[in-house]
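The values are calculated or read from the model by the stated rules, or taken from the named source; none is laboratory data. These numbers were taken from a predicted model, which means no experiment stands behind them. Don't worry about glycine lacking a Cβ; one is built from the backbone with ideal geometry, like all the others, and counts go over all protein chains shown. Note: areas computed on protein heavy atoms with side chains; ligands, DNA, RNA excluded. Shrake-Rupley method; radii C 1.70, N 1.55, O 1.52, S 1.80 Å.
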Amino acid sequence: MLQISSECAAPVSGALEEDRIILMENEVYRLPQTHQEIQVLSGIAWITLDQQDIILHSHEKASLAPSKNFAVISALNNMPLILTLRQDKNPVRT
């Protein structure tokens with residue numbers, strides 16, 4: 001399940017690791033399962049995870065629940081998509 005927020009909160013120092021991705025028209029990115037949060041810095045993202053689609057606009061973010069599937073992300077409206085992806089550097093093991 002995706003949880004959406006338009007807040008731009010900074011991560012707790014040292015708790016999360018961040019990656020920045022740029023996607024152009026017709027590019028698709030398969031999000032590693034270790035990533036837990038997506039924030040759109042610029043553009044519009046189309047995200048599909050567990051048969052659920054969501055659209056995120058600039059400055060919106062989504063938190064991803066753990067899943068055995070990969071999320072797929074692509075850019076919409078023929079404009080570049082710039083994303084910040086965050087993952088827990090020290091995941092809790094069960």
Study note, to complete from the structure: Over the range 60-86, the set of residues outside any loop (DSSP other than H, G, I, E, B) and basic (Lys, Arg) is 61, 86
Exercise for review: State all residues of the range 18-58 that are of a type in the set (Ser, Thr, Tyr) and not in a strand (DSSP E or B); if no residue qualifies, say none.
Suggested key: 34, 58
**Study point:** Pairs, first over 19 Å from residue 36 (Cβ atoms) in the range 47-59, second outside any strand (DSSP E or B), C-beta under 8 Å, six or more apart
**Key:** 55/44; 55/76; 57/44; 58/43; 58/44
Study note, to complete from the structure: Those residues of the range 26-65 which are touching a strand residue (DSSP E or B) at 6+ places or on another chain (Cβ under 6 Å), under 16 Å from residue 79 (Cα atoms), open to solvent by 60 Å² or more (accessible area, probe 1.4 Å) and not β-branched (Val, Ile, Thr) amount to 46
Check your understanding: Has the range 1-20 got at least one residue that is in contact with a strand residue (DSSP E or B) (Cβ under 6 Å, 6 or more places away or on another chain), modelled with pLDDT of 90 or more, of a type in the set (A, V, I, L, M) and open to solvent by less than 70 Å² (accessible area, probe 1.4 Å)?
Key -> no
